[in-house]
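Quick notes on the structure that follows.
The values are calculated or read from the model by the stated rules, or taken from the named source; none is laboratory data. Just so it is clear, the structure is predicted and the values come from calculations on it, not from any experiment. Ideal geometry is used to build each Cβ from the backbone, glycine not excepted, and the neighbour counts take in all protein chains shown. Just the protein is used for accessible areas: all its heavy atoms, side chains included, with ligands, DNA and RNA removed. Shrake-Rupley method; radii C 1.70, N 1.55, O 1.52, S 1.80 Å.
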Amino acid sequence: MAGYILALDQGTTSSRAILYDDHARPIKMVQQPTILKTPQTGFVEQDAQQIWQTQISCAHDVINQAGLLATDVTSIAITNQRESIVVWDKKTGKPLAPAIIWQDRRTASYCKKLTTDTHNSQNDMSSDVQRITGLRLDPYFSASKIAWLLEHNPKWRARIDKDEIAVGTIDSWLIYKLTGGEHVIDVTNASRTLLYDINKMAWSDELCARFAIPMSLLPKVLPSDGDFGKTKKGLFAKQIPIHAVLGDQHAALFGQGCLDAGMAKNTYGTGCFLLMNIGTKPKLSEHKLLTTIAWQKKSTSLRSDSLSLEQIVQSGRRMLQPPKKEVTYALEGSVFMAGAIVQWLRDNLGMIQSSDEIEQLARQVDSSEDVVLLPAFTGLGAPYWRSDVSASITGMSRGTTKAHIARAALEAVAYQTYDVLIAMQKDSPHPLTELRVDGGAANNDLLMQFQADLLNVPVLRPKDTEVTAKGAALLAGLKTGLYDEATIQASWQVDRIFEPQMSSDMREQHLSKWQQAIDRALIVL
């Protein structure tokens, strides 16, 4: 079966479109930047119209530059920045306010007040939020952003009652514009709003009421490989169906082939996003991590040649029923500062001219010695969640050089990843046997080797580290029949495996040094 998947990858700083062939190979990519605006302290916004215009422009350009026609495209897949929200006019399709981006912290005091007002009462909102959504009560997620917009635009209420206004995450906004009117959302993005019950697989009446958000404002939730509609007439030379939608980190987990419980991936970008597949049952974290829906898709059927007669009969009966949509869950932990540490060394301290020089500088010494860089520039993320901790460099001596600090910076990325993965191991019954990696810093061999040494498991780096768009494309290909399980397996090829080489004594020395730095920072407070 011939054909192409058009993957739309709408990120925080750019929109991209990538074409994948019938072997799940990327053949062409087009990218355009988007502009972040910070009108006030803590505010992070984007022009929703610009998000749409750059994304559709990339889609048209990538088809033209590949020398193809829209008729060659089998389906569209979407992956997107999560938690960011858009409010728009259903009739005109125009945004009513700037998109509020996931990094926005304007609702920090609002979230703190919700926590304080209900703490120690019978209606402890923080515990209710975790129980229902698997998340934390934090400005990071969508609900408080929507509540803020409604509070600051009271005239919208009458229009909401008339069903004239829609709200959605970035996937929802793009689908509405692509189809000319479908108001839907993928389940992975819904699970990041702080309004979705990951146990009942439905919007939560309770949380919508707590945040004073009318449920009529919210989009219809569909499985990750649901039928999201077709592109409206005239947008392309043919109407192309949208067959797969995944939030970016969920798409990366799928693209990394982490399809079995216990498999984990880490994306080394500005920060780190670690996700572990925990199977088909949600488990709330007891170690300050997030529980999220990894994806929901049509269940994989058993091969008929392996079935008994009775099973074949039962299978035939099941075919008369709608296919079951299996839900896969994941644990997630976020590290705030990863590649951003290297940027700080480059831009603020002038230690290097470009980020890729960090490895060469760090290799000038065999050890960071006693130097520890604690990168709490915006506090500590998972599993500590301490916004009041400050960054520090400790253990320096008269002989400390730039190389020692550079090496300590790379080690700090690995230490933070270790902390999150150990917390995941405590929450998950599945032992970690390997870590799959992607993102820009995954190309740093020194960092990847140190990561393998700390975790004492192999670190696997694939040849294609652009796994986010590919994850969404693979799911769309499975839905349409363009890809099968063999295609999925063949699409992930290892570039290098970093095997643990460090002795247990040396590993303990490193971890003890890091933990002492953490303890000192917490004690100071």
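What is the local net charge at Val459, summed over the other residues whose Cβ is closer than 12 Å to its Cβ (Lys, Arg +1; Asp, Glu -1)?
Working: positive: Lys265, Arg436, Arg461, Arg496; negative: Glu434, Asp438, Asp445, Asp453, Asp495, Glu499.
Counting the neighbours of Val459, the net charge comes to -2.
Need one number: convex hull volume per residue for the stretch 197-288, Cα atoms only, in Å³. Working shown, then result.
Values: hull volume 17.6 nm³, N = 92.
Hull volume over Cα atoms, normalised by residue count, gives 191 Å³.
Determine, at each q value in 0.13, 0.25 (inverse angstroms), the log₁₀ of I(q)/I(0) that the Debye formula gives when each Cα of the stretch 379-478 is one equal point scatterer.
-0.64, -1.30
Using a 1.4 Å probe and ignoring any ligands, DNA or RNA, find the accessible area of Thr328 and quote it in Å² to the nearest 10.
My reading of the accessible area for Thr328 is about 20 Å².
On a 32 Å Cα-Cα criterion, which of the cross-link pairs Lys220/Lys426; Lys220/Lys265; Lys90/Lys463; Lys162/Lys479 come out too long?
Lys220/Lys426; Lys90/Lys463; Lys162/Lys479
Can you pull the percent of the stretch 176-269's accessible area that's carbon plus sulfur, 1.4 Å probe, other chains left in place?
49 percent
What's the carbon and sulfur percent of the stretch 3-60's accessible surface, probe 1.4 angstrom, rounded to a whole number?
50 percent
Calculate the length of the line joining the C-alpha centroid of the stretch 491-525 to that of the stretch 216-246, in whole Å.
The distance from the Cα centre of the stretch 491-525 to that of the stretch 216-246 comes to 44 Å.
Whose amide H sits under 5 Å from the amide H of Ala294, counting only residues 5 or more places off or on another chain, with H placed in the peptide plane?
Amide H neighbours of Ala294, under 5 Å, 5+ apart: Thr328, Tyr329, Ala330.
What percent does the relative contact order of the chain come to when contacts are Cα pairs within less than 8 Å and at least six residues apart?
The normalised contact order for the chain reaches 15 percent.
For the chain, what is the Kirkwood estimate of the hydrodynamic radius, computed as the reciprocal of the mean inverse distance between distinct Cα atoms, to one decimal in Å?
About 24.1 Å for the chain.
Check which residues have an amide H placed less than 5 Å from Ile165's amide H, if you skip close sequence neighbours.
So Ile165 has HN proximity to Lys90.
So which of Lys94/Lys230; Lys283/Lys325; Lys37/Lys283; Lys91/Lys238; Lys177/Lys298; Lys28/Lys177 end up more than 29 Å apart by C-alpha?
On the way: Lys94/Lys230 20 Å; Lys283/Lys325 19 Å; Lys37/Lys283 37 Å; Lys91/Lys238 24 Å; Lys177/Lys298 26 Å; Lys28/Lys177 23 Å.
From Lys94/Lys230; Lys283/Lys325; Lys37/Lys283; Lys91/Lys238; Lys177/Lys298; Lys28/Lys177, over 29 Å: Lys37/Lys283.
Rounded to the nearest whole Å³, what is the per residue volume of the convex hull around the Cα atoms of the stretch 1-159? Don't jump to the answer; show the numbers that get you there.
Values: hull volume 24.5 nm³, N = 159.
Residue-normalised Cα hull volume stands at 154 Å³.
For the ranges 450-461, 248-259, what's the packing order if you count other beta-carbon atoms within 10 Å of each residue, average per peptide, and put the highest first?
Details: 450-461: 21.0, 248-259: 26.7.
My ranking of the peptides, most packed first, is 248-259, 450-461.
In deg cm²/dmol, rounded to 500, what helix-only [θ] at 222 nm does the chain give when every DSSP H run of at least 4 residues adds -39500 (n - 2.57) and the total is split over its residues?
Estimated from H runs of four or more residues: -11000 deg cm²/dmol.
Let me check I've understood the local charge: for Gln501, count other residues with C-beta under 11 angstrom from its C-beta, Lys and Arg +1, Asp and Glu -1. What total comes out?
Within the 11 Å Cβ shell, the charges total -1.
Could you sort Asp205, Asp366 by their accessible area in this structure, using a 1.4 Å probe and putting the largest first?
The residues order as Asp366, Asp205, largest area first.
Hey, with R₀ at 51 Å, roughly what FRET efficiency would Asp61 and Asp519 work out to, going by the Cβ-Cβ distance, to 0.05?
Between Asp61 and Asp519 the formula returns 0.45.
At 1.4 Å probe size, what's the solvent-accessible area of Glu357? Round to the nearest 10 Å².
Solvent-accessible area, nearest 10 Å²: 70 Å².
Heavy atoms of the protein only, probe of 1.4 Å, neighbouring chains included. What is the accessible area of Lys325 in Å², nearest 10?
Rounded to the nearest 10, that gives 70 Å².
Just the accessible area per residue of the chain, please: how many Å² with a 1.4 Å probe?
43 Å²
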